[in-house]
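These notes concern the structure reproduced below.
Nothing in this text is a laboratory measurement; each read-out follows from the coordinates by a stated rule. Quick caveat, the model's predicted, so the values are computed rather than measured. Please note: Cβ atoms are built from the backbone with ideal geometry, for glycine as well, and neighbour counts cover all protein chains shown.
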Amino acid sequence: MKIGLSGEMYPPKFSVEEALRHAASCGADGYELTIPRTGPVSLEHPDGFEHIRQAAIESGMEIPSMVCPVHWEMPLTDPDPEHRAIGMAALEQALEVGRRLGIGLLLLVPGVVTASVPYADAYGRAQEAVRRLARRAEELGMRIGIENVWNKFLLSPLEMVRFIDEIGSSAVGAYFDVGNIMAYGFPQHWIATLGSRILAVHVKDYRTDVAGYGGFVYLLQGSVPWQAVRTELEHIGYNGYITAELPPYRTFPEDAATDAVRTMRRIFACER
């Protein structure tokens with residue numbers, strides 16, 4: 001297994017180049033890039049990503065995965081077809097950017113169930129959209145990782161397996177988030193059920209005695225059964241990235257990344 005850091009671990013004042021250099025200096029193997037739809041470094045200016053690729057090469061870092069937050073802004077299950085079209089176009093563009101940068105995996109939230117989006121409608125729209133994205137990913141040599149998040153959708157490992165298998169594409173698998181699942185499941189059970197479908201893993205900790213988003217904490221401060229998580233990942237033969245997705249500290253913000261790398265190497269016995 002390899003150790004990665006999400007770009008979310010660095011404060012906005014850090015450029016991607018600075019974050020890459022710091023991630024390399026604290027012993028990470030890879031960096032997960034966030035590519036928004038708009039902004040100075042975004043899908044609006046795709047040519048601007050070349051300097052990021054060069055910075056990764058110079059720092060000796062891999063960029064194994066990427067996130068395009070449009071899946072929250074314009075969900076693929078939105079009741080407005082125009083919103084769905086905007087989200088789809090941005091995600092297809094993100095796949096193309098990923099291929100140019102040598103990034104192999106796009107994290108995807110496939111949809112959101114809301115008061116105006118019934119579960120059955122979300123399932124159908126999400127499958128239609130993911131099948132289309134899967135075809136494009138196959139053409140580009142990319143993969144798509146469906147993440148378990150608090151979207152009131154795909155709430156059991158059996159359903160996640162069914163959703164992925166019904167897509168029927170080798171380009172689509174699971175991006176499993178250990179901390180996210182703690183509010184309504186057990187990570188070791190999900191890992192065992194998803195098995196080889198797991199393409200990447202996010203880690204954060206979560207206190208089950210604290211309700212809502214306040215339960216999210218730094219590694220080893222919560223209720224995640226880390227020994228069981230590691231055992232199940234080893235059992236399924238997982239050897240991909242374990243990427244920390246945590247906020248920076250309020251003081252000395254970059255130390256959160258340094259501490260996360262050290263802790264992940266201890267939990268998963270990933271020696272360099």
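Some values worked out for this structure:
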| item | result |
| --- | --- |
| Whole-angstrom Cα spans of the chain along principal axes, big to small | 44, 43, 33 |
| Relative contact order (%) - criterion: Cα under 8 Å, at least six apart; region: the range 2-268 | 20 |
| Amide H within-cut-off set for residue 144, under 5 Å, with H built and near neighbours excluded | 106, 172, 173 |
| Fluctuation leader among 257, 23, 120 - the chain, Gaussian network, Cα springs under 10 angstrom | 120 |
| Estimated FRET transfer efficiency when R0 is 35 angstrom, pair residue 25-residue 211 (beta carbons, to 0.05) | 0.40 |
| 5 angstrom amide H check on residue 3, placed H, neighbours 5+ away | 29, 30, 242 |
| Derived scalar couplings ³J(HN,Hα) [the range 148-162; Karplus, 6.51 cos²θ - 1.76 cosθ + 1.60; whole Hz; x for Gly, Pro] | 7, 9, 7, 10, 6, 9, 6, 8, 9, x, 5, 6, 4, 4, 4 |
| Sum of side-chain charges, residue 241 neighbourhood, beta-carbon under 12 Å (Lys, Arg +1; Asp, Glu -1) | -3 |
| Contour minus Cα-Cα distance for residue 47 and residue 138 (0.36 nm per residue) | 30.5 nm |
| Calculated [θ] (222 nm, deg cm²/dmol) that DSSP helices of n ≥ 4 give over the chain, each run adding -39,500 (n - 2.57) | -12500 deg cm²/dmol |
| Tensor-based shape of the range 1-73 (alpha-carbon gyration tensor, a/c under 1.5 rounded, otherwise prolate or oblate) | prolate |
| Principal axis dimensions, the range 175-272 - Cα atoms, whole angstrom, descending | 39, 36, 20 |
| Backbone HN-Hα couplings from phi across the range 222-231 [Karplus 6.51/-1.76/1.60, Hz, Gly and Pro as x] | x, 9, 4, x, 4, 5, 5, 4, 4, 4 |
| Two-site FRET efficiency, residue 72 against residue 234, from Cβ-Cβ distance with R₀ of 35 Å, rounded to 0.05 | 0.60 |
| Selected from 33, 206, 224, residue furthest toward positive end of dipole (the range 2-268; charges at beta carbon) | 224 |
